[in-house]
Every structure is written in structure tokens, then in C-alpha cells.
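Asks: Have a look at this one.
The values are calculated or read from the model by the stated rules, or taken from the named source; none is laboratory data. Just so it is clear, the model here is predicted, and its values are computed rather than measured. For neighbour counting, all protein chains shown are included, and Cβ atoms are generated from backbone atoms with ideal geometry for every residue, glycine included.
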Ligand SMILES: [Zn+2]
Ligand SMILES: [Zn+2]
């Protein structure tokens, strides 16, 4: 069994729901369950996995686009443990409906089968939002969405990642000229909001050893397009003369983007 490589499949990504599958050997975890149970099941089966075979679900934070399918999924597949930090659980009424054994409060780091999973704090307007560093024997994947600004902790978590799921939420000009009310625009642009295409690109370009594969994620449907996100990130990498070839994927709401490496 190869415990080195990951398979990453973004089942859905964007403000209408987020869920990502990460597999290594016999260990399969889902980050967030923000789409319906039906869609999660469909997505997992498209990857050749029965939902009950999941080793666990890890939540980043309590916003609806990350937990919408959780309650129904948890009832149907009660053998799958759900991991979240204490303050996130407090915000989730579903906790009271689940068997105790299914609710797991994660420390900052845990080992599940062939994966080590470490959470790290991110600035976002939720109770205790986190991103994840996921390690196989030799590889590392960093999961980072819903992040208002790049902090030292975030920089540290991205170091040495071979693959990254990275938020590219909006194009700043589209957001400012778009349909969102000013207060919401400010929230998104604020320190506890979301990463823009430009910031995502600059962040990638600033990494000493950028990941070989990047999934641009959590794209806004109103304030971004896949083409713009890709172009802005590519421009930032080119501008910073990043020589390493980075394979960019754009994770969308409906489409399954899948990759084995
Ligand atoms: Zn959020
Ligand atoms: Zn979100």
C-alpha cells in the first residue's frame, strides 16, 4: 500500500457549499460537509468510496456553507466520527443530536490511520475557525479557505506543502462594483473575511517552495470567475518570477475536481 501519495477531490467549493475528500491508503477524510448529504454521497461514490468507509469528517468552522449536510449525513452514517474544536461544536446545535461517540473534540493535532492532521488558526468571523495541515508519510497538504488575511501562523502552515487547497474568493474590482451591499463588501474585504485572488496569488508567490499543485477554492459566484482567479494568480507568480511549475486547478460548486499524485 502506498502511504506516500494523497488523492484530493474537491466535491464542492464556493459560498454555496464546501466539501473536500483527502485519501491516503485506507484512510479517507472529508474536510467540511457544506453540501447536502445526497451530494456528499454522490461525490464520494464517484471517487470509489462508500460514505461509511470515511475515517472522519473534519470541520473548519460552523458557517452553513461548511456544515449544511452534516446533520443528515451524521444520522445516516453514525459510524463516521466528526471532528471539530470545542468552540465550533458549541455553535453547532447538531452536537446534541449525535451519539457521543460520533462527536470528537480535536486537539490541535491527531493521527488517523495513515494521516496526521493538524489544525491551525485562521482569521475569519467564526467562533474558532481553522485550516488544516495534513501529512502522509512523505507528503503534506494544506487546506486554507475562509481566511481574511495571511498571518504568521498561516504562513507557517503553508510551508513545505506539496499540494494546497487555497481560497481565491473574489476579484476586488468585481466585488466593489458588484451587487453586494457596502457592509457585506467590507466584511468580505476585512481582516476576518475572505482571501482575494490577488492576495492568494501574492501568498503563493511569497512561498519559498510553493506547492506543486494548487486547487483555487471558495470562489464567489457573484464576485469572481474561474478565469479571473486563475489569471490573477498566474500573473502574481509570473510577476514574482516563480520558476517552479505550479499546476493550478479551479474548484467549482458543481464540478468534481479530482487529482491523484
Ligand atoms: Zn466562513
Ligand atoms: Zn465559507
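Asks: I'm trying to understand the selection: among the residues of segment 63-97, which are closer than 20 Å to residue 22 by Cα, within 16 Å of ligand 2 (Cβ to nearest atom) and in contact (Cβ under 8 Å) with a residue 40 or more places away in the chain?
Replies: 65, 66, 68, 69
Asks: Just to be sure, is residue 21 more than 15 Å from ligand 1 (Cβ to nearest atom), closer than 17 Å to residue 104 by Cα, in contact with a strand residue (DSSP E or B) (Cβ under 8 Å, 6 or more places away or on another chain) and in a strand (DSSP E or B)?
Replies: Working: more than 15 Å from ligand 1 (Cβ to nearest atom): yes; closer than 17 Å to residue 104 by Cα: no; in contact with a strand residue (DSSP E or B) (Cβ under 8 Å, 6 or more places away or on another chain): yes; in a strand (DSSP E or B): yes.
In short, no.
Asks: OK, next. What number of residues within segment 83-93 are part of a helix (DSSP H, G or I) and in contact with a strand residue (DSSP E or B) (Cβ under 9 Å, 6 or more places away or on another chain)? Give the derivation first.
Replies: In the first step, residues of segment 83-93 are kept if they are part of a helix (DSSP H, G or I); the result is 86-90, 93.
Narrowing the set further to residues that are in contact with a strand residue (DSSP E or B) (Cβ under 9 Å, 6 or more places away or on another chain) leaves 86, 88-89.
The total comes to 3.
Asks: Please specify each residue of segment 201-221 satisfying the condition of being within 16 Å of ligand 1 (Cβ to nearest atom) and either buried (at least 18 other Cβ atoms within 10 Å of the Cβ) or modelled with pLDDT of 95 or more (or both). Can you show your working first?
Replies: Of all residues in segment 201-221, those within 16 Å of ligand 1 (Cβ to nearest atom) come to 217-221.
Answer for segment 201-221, where residues must be within 16 Å of ligand 1 (Cβ to nearest atom) and either buried (at least 18 other Cβ atoms within 10 Å of the Cβ) or modelled with pLDDT of 95 or more (or both): 217, 218, 219, 220.
Asks: Separate question: Please verify whether residue 13 is without any contact (Cβ under 8 Å) to a residue 60 or more places away in the chain, in contact with a strand residue (DSSP E or B) (Cβ under 9 Å, 6 or more places away or on another chain) and either within 16 Å of ligand 1 (Cβ to nearest atom) or farther than 17 Å from residue 164 by Cβ (or both), treating the condition exactly as stated.
Replies: Values: without any contact (Cβ under 8 Å) to a residue 60 or more places away in the chain: no; in contact with a strand residue (DSSP E or B) (Cβ under 9 Å, 6 or more places away or on another chain): yes; either within 16 Å of ligand 1 (Cβ to nearest atom) or farther than 17 Å from residue 164 by Cβ (or both): yes.
Judged against the criteria, residue 13 is not a match.
Asks: Can you spot a residue in segment 239-259 that is part of a helix (DSSP H, G or I) and in contact with a helix residue (DSSP H, G or I) (Cβ under 9 Å, 6 or more places away or on another chain)?
Replies: Filtering segment 239-259 down to residues part of a helix (DSSP H, G or I) leaves 239.
From the residues that got through so far, the ones that are in contact with a helix residue (DSSP H, G or I) (Cβ under 9 Å, 6 or more places away or on another chain) too are 239.
Yes, some residue in segment 239-259 is part of a helix (DSSP H, G or I) and in contact with a helix residue (DSSP H, G or I) (Cβ under 9 Å, 6 or more places away or on another chain).
Asks: Quick one: is residue 80 touching a strand residue (DSSP E or B) at 6+ places or on another chain (Cβ under 9 Å) and farther than 23 Å from residue 166 by Cβ?
Replies: On the way: touching a strand residue (DSSP E or B) at 6+ places or on another chain (Cβ under 9 Å): yes; farther than 23 Å from residue 166 by Cβ: yes.
Yes; evaluated as a whole, the condition is true for this residue.
Asks: Could you please find all residues in segment 186-196 being assigned to a helix (DSSP H, G or I) and either in contact with a helix residue (DSSP H, G or I) (Cβ under 6 Å, 6 or more places away or on another chain) or in contact (Cβ under 8 Å) with a residue 60 or more places away in the chain (or both)? Outline the logic, then answer.
Replies: Applying the first criterion (assigned to a helix (DSSP H, G or I)) to segment 186-196 yields 186-189.
Passing the criteria: only 187.
Asks: Looking only at segment 107-128, decide whether some residue is loosely packed, with under 15 Cβ neighbours inside 10 Å and within 16 Å of ligand 2 (Cβ to nearest atom).
Replies: No, because not a single residue in segment 107-128 is loosely packed, with under 15 Cβ neighbours inside 10 Å and within 16 Å of ligand 2 (Cβ to nearest atom).
Asks: Do we have any residue at all in segment 118-128 that's part of a helix (DSSP H, G or I) and either more than 19 Å from residue 25 (Cβ to Cβ) or touching a residue at least 40 places away in the same chain (Cβ under 8 Å) (or both)? Reasoning before the result, please.
Replies: If we filter segment 118-128 for residues that are part of a helix (DSSP H, G or I), which is where we start, we get none.
No: zero hits.
Asks: Where residues in segment 138-153 are surrounded by fewer than 20 Cβ atoms within 10 Å (Cβ to Cβ) and more than 16 Å from ligand 2 (Cβ to nearest atom), which of them is modelled with the lowest pLDDT?
Replies: Here is the first cut: in segment 138-153, the residues surrounded by fewer than 20 Cβ atoms within 10 Å (Cβ to Cβ) are 138-139, 149-153.
Okay, now just the ones that are also more than 16 Å from ligand 2 (Cβ to nearest atom), so 138-139, 150-153.
Details: 138: 87, 139: 92, 150: 98, 151: 98, 152: 98, 153: 98.
Among residues in segment 138-153 that are surrounded by fewer than 20 Cβ atoms within 10 Å (Cβ to Cβ) and more than 16 Å from ligand 2 (Cβ to nearest atom), the one modelled with the lowest pLDDT is 138.
Asks: Anything in segment 152-178 that is assigned to a loop (DSSP other than H, G, I, E, B) and within 16 Å of ligand 1 (Cβ to nearest atom)? List them, or say none. Even if it seems obvious, please write down each step before you answer.
Replies: Just the residues of segment 152-178 that are assigned to a loop (DSSP other than H, G, I, E, B), to begin with: 159-162, 168-169, 171, 178.
Correct list: 168, 169.
Asks: Given the conditions (1) touching a residue at least 24 places away in the same chain (Cβ under 8 Å); (2) crowded, with 19+ Cβ neighbours inside 10 Å; (3) closer than 17 Å to residue 214 by Cα, report the number of the one that residue 135 does not fulfil.
Replies: With (1) touching a residue at least 24 places away in the same chain (Cβ under 8 Å); (2) crowded, with 19+ Cβ neighbours inside 10 Å; (3) closer than 17 Å to residue 214 by Cα applied to residue 135, the lone miss is (1).
Asks: Do you know which of the residues in segment 24-57 that are part of a loop (DSSP other than H, G, I, E, B) and within 15 Å of the chain's Cα centre (by Cα) is nearest to residue 214 (Cα to Cα)? Break it down into steps so the answer makes sense when it comes.
Replies: To start, the set of residues in segment 24-57 that are part of a loop (DSSP other than H, G, I, E, B) comprises 25-26, 32-36, 47-50, 54-55.
Those left that are additionally within 15 Å of the chain's Cα centre (by Cα): 32-35.
Working: 32: 18, 33: 21, 34: 21, 35: 22 Å.
Only one residue tops the list, namely 32.
Asks: Just to be sure I understand the filter: pairs with C-beta atoms under 7 Å, separated by 6 or more residues or on different chains, first member in segment 43-56 and closer than 15 Å to residue 76 by Cβ, second member assigned to a loop (DSSP other than H, G, I, E, B). Which pairs pass?
Replies: Correct list of pairs: 43/256; 51/77; 52/77; 52/79; 52/80; 54/80.
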